[in-house]
1. Which condition does V157 not pass, out of (1) in contact with a Pro (Cβ under 6 Å, 6 or more places away or on another chain); (2) farther than 26 Å from V51 by Cβ, if it passes all the others?
2. If I ask for residues that are under 20 Å from M75 (Cβ atoms) and touching a strand residue (DSSP E or B) at 6+ places or on another chain (Cβ under 9 Å), which ones from segment 218-240 would you list?
3. Quick one: in segment 231-250, which of the residues that are in contact with a helix residue (DSSP H, G or I) (Cβ under 8 Å, 6 or more places away or on another chain) and assigned to a helix (DSSP H, G or I) is surrounded by the most Cβ atoms within 10 Å (Cβ to Cβ)?
4. List pairs: first in segment 87-108 and over 11 Å from T142 (Cα atoms), second among the acidic types (D, E), Cβ under 8 Å, 6+ apart or cross-chain?
5. Hey, could you check segment 205-225 for residues that are within 14 Å of the chain's Cα centre (by Cα) and part of a loop (DSSP other than H, G, I, E, B) and say which is modelled with the lowest pLDDT?
6. Would you mind telling me which numbered condition in (1) touching a residue at least 60 places away in the same chain (Cβ under 8 Å); (2) out of contact with any Ser or Thr (no Cβ under 9 Å at 6 or more places or on another chain); (3) under 23 Å from D31 (Cα atoms) K241 fails?
7. Give segment 146-197 a look and list any residue that's of a type in the set (S, T, Y), part of a helix (DSSP H, G or I) and either in contact with a Ser or Thr (Cβ under 8 Å, 6 or more places away or on another chain) or in contact (Cβ under 8 Å) with a residue 12 or more places away in the chain (or both), or say none.
Amino acid sequence: MKKLMIAASCALAMMTSGIQAEERDLRIAFDVPYAPFEYKDDNGELTGFEVELAEAMCEEMKANCEFVIQSWDGMIPGLLARKFDMVMSSMSITEERAKRVLFSEPYYNTPGGWFGPDDFNADVTDKSAMKGKTVGVQRGTTMDTYVTEELGDVVTVKRYTTADDMVLDLEGQRLDAAFVDYPVGEQTILSKDGFKEVGEAVKLGEGMGVAMRKRDKDLAEEVNDALRTLKEDGTYDTIMKKYFEYDIKV
């Protein structure tokens, strides 16, 4: 009987050890480049605010995470097709998107910003002043929706797959102005000579959330718990201050 008890104890210990050693595999999608949120550094390594936050979140969740680069217009289709498990790429929480995906609680919120050349002098809120102008946006974003709804009847809306392509056209004078996530414009446009803000920042939506499939409610709870812990223990603030001089926390 004693031998049987020892054998049973060993088997239980081996099973427990196996469970503890097993790590869940998760794939997280990012649209790159989208500095300062996600981009490749000079060594070709993926980095940025959301990348570092995702790394800390995965560590808190004790998950083995693989990062996937996905173009923005394929984000939700790729998620629903199970190409990855989460999207953590500055996706605004909107009513329309929430019909298709499950969002975490918002983890940051920044406004949309208007940027253009130094000689731009039109009032971006005045339709008559904006008539005939060409405005760049990233396709499928809340900035795209805003410009289309507010000015689409008087301006030409030029849509881009990446923010970098939009900035190149702005530099090449193929755009009159661009409307992008404010920190993106700040780092990719205002950092260049000859450009300025050409309008007031516009608050859009409820903030940015991690997108998951509707059925993954348990995963969403884990994500929310992990993000909440990172905010409470100061990790979030430490990462944020590396990339921003202002508070973007919701």
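1. (1)
2. Selection gives L219, A220, V223.
3. Once the filter is applied, the top-ranked residue is Y236.
4. M88/E50; S89/D31; S89/E38; S89/E50; L102/D216; P106/E206
5. That would be G205.
6. (1)
7. Y146, Y182, T188, listed by residue number.
Residue-wise test of (1) under 24 Å from G152 (Cβ atoms); (2) open to solvent by less than 20 Å² (accessible area, probe 1.4 Å).
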| position | (1), (2) |
| --- | --- |
| G172 | yes, no |
| G185 | yes, yes |
| G194 | no, no |
| K203 | yes, no |
| L219 | no, yes |
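The values are calculated or read from the model by the stated rules, or taken from the named source; none is laboratory data. Since the structure is predicted, the reported quantities are computational estimates derived from the model, not experimental observations. Note: ideal-geometry Cβ built from the backbone for every residue, glycine included; neighbour counts use all protein chains shown. When the accessible area is computed, the model is the full protein with side chains, heavy atoms only, and any ligands, DNA or RNA have been set aside. Shrake-Rupley method; radii C 1.70, N 1.55, O 1.52, S 1.80 Å.
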